[in-house]
Amino acid sequence: MTDATHPYDALMDITARPKAVFVRGAGSYLWDDSRKRYLDFVQGWAVNCLGHSPPAVADALAAQAKRLLTPSPAFYNGPSLALAQALVAQSAFDRVFFANSGAEANEGAIKLARKYGSLHKGGAFEIITFTGGFHGRTLATMSASGKKAFEPLFEPKVAGFKKARLNDTASVESLISANTVAVMLEPIQGEAGVWPATDKFLGELRALTKAHGLLLILDEIQTGMGRTGKLFHYEHAGIAPDIMTLGKGIGGGVPLAALLATEQASCFEHGDQGGTFNGNPLMCAAGLAVLEQVGKPDFLKAVTDTGLVLESELQRLSARHGLGEVRGRGLLLALDLKLPIGPAIVAQAFEAGVLVNSPQPDALRFMPALNVTRQEISEMIDCLDAILTRAGAARLVA
Ligand SMILES: *Cc1c(COP(=O)(O)O)cnc(C)c1O
């Protein structure tokens, strides 16, 4: 044991973090240990879909915690059965496997596709993924990701991922071989800076994968659970994928993820898949509380309406300061800055008590609570407006 001189030193230093220690959250606001308040448009990375510590989730967790924490993944439990049934009823899928993180759900999707290939496609195992894509931080999901910074890391990568270009159907078609079993993508590339796959492209991918007998896997970890105004993003494109993964918003702030598949694609046999905490009743109780609210048509309609408000406010901000386009859908939006001033804006907004994210140096990403108010949107926009006015966009370049 080392004698850590500062509490920060006891944690592995895996990313640059501000020194503030966060102690409380409610709705769109967070407080640190010096009682400073922050308006949060990051929400734990699009996780807290109902805001910080929503009463419905907190109550469901408290009630379930007193009743049963975990019986064992080898036994059924009520909340996981109820949540699986509710997800199946509201989606294009027939079967659900619960996981603890998005990466684990995607790892499961990759395994399921490989299993499908071994059973039905003569051992085909390759999955076509996309440049700029992000699927998580396990070895296989890093290998599936098309993130430039991952390329030199942790070699050798897991084999079997070929990278096509988003919104370029020909680039996908040219990679299909006898070894191909699936195409996997995020409907909106989140970490890459909010780059949407067009509905047309998703339609073409569905037709192409059907024609070649390939599985279409959608990583809806960021776009699912109402984030874009539909419960699942694929609904916008009028398609039904074979496999989908959910994470982030599904737990409303607690670690829960899911792998969903059609009956035909759901081909795991006993022993292929599992995990100690998978489908534990505590997290599934939270998921049920989230789905109960997010799955309501008027809730989803409000996400669409609020998303349009945020979009037009960002467009006005952009016009005032000579910035670029606004991308995305619903409440997953990015503002193109045209200059690498994202990190400087994030730092100044943090000082001013507003949390925004810069997934790429030339973009800001907005992923507020799905029940964020117009007043909170105005407050955030006013903060960015003041930063940009004070400095002038060009002078923010580091
Ligand atoms: C966040 C994210 C993941 C990884 O989820 P974790 O819970 O961090 O493992 C995978 N895919 C997408 C699209 C994500 O946004």
Contacts under 8 angstrom Cβ, first residue in the range 173-193 being assigned by TED's automatic domain parsing to the domain that holds L205 and closer than 18 Å to A261 by Cα, partner polar (S, T, N, Q) and assigned to a loop (DSSP other than H, G, I, E, B), 6 or more apart:
E186/Q222; E186/T223; P187/T223; P187/T228
Top-ranked residue of the range 236-294 - restricted to ones that are closer than 28 Å to G44 by Cα and among the hydroxyl-bearing types (S, T, Y), ranked as farthest from the chain's Cα centre (by Cα):
T276
Kindly establish whether G117 is within 12 Å of the ligand (Cβ to nearest atom) and either modelled with pLDDT of 95 or more or assigned to a helix (DSSP H, G or I) (or both).
no
Count, please, the residues in the range 143-157 that happen to be crowded, with 19+ Cβ neighbours inside 10 Å and more than 15 Å from the chain's Cα centre (by Cα).
3
Considering each of R24, R35 in turn, give the residue that is surrounded by 13 or more Cβ atoms within 10 Å (Cβ to Cβ) and either of a type in the set (K, R) or modelled with pLDDT under 95 (or both).
R24
Would you confirm, using the coordinates I've provided, whether P55 is within 22 Å of G287 (Cβ to Cβ) and at pLDDT below 95?
no
Is it true that some residue in the range 247-266 is on the phi < 0 side of the Ramachandran plot, small (G, A, S) and surrounded by fewer than 22 Cβ atoms within 10 Å (Cβ to Cβ)?
yes
Among strands (runs of 3 or more DSSP E) entirely inside the range 1-42, those with 1 or more residues being within 24 Å of the chain's Cα centre (by Cα), more than 23 Å from S358 (Cβ to Cβ) and among the charged types (D, E, K, R) are 22-26
Identify all residues within the range 77-135 that are closer than 27 Å to K162 by Cβ, within 23 Å of the chain's Cα centre (by Cα) and of a type in the set (S, T, N, Q); write none if there are none.
S101, N106, T129, T131
Those residues of the range 170-194 which are within 16 Å of the ligand (Cβ to nearest atom) and more than 13 Å from the chain's Cα centre (by Cα) amount to A182, V183, M184
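The values are calculated or read from the model by the stated rules, or taken from the named source; none is laboratory data. This is a predicted model, so every value here is computed, not measured. Methodologically, a virtual Cβ is constructed for each residue, glycine included, from the backbone with ideal geometry; neighbour enumeration extends over all protein chains shown.
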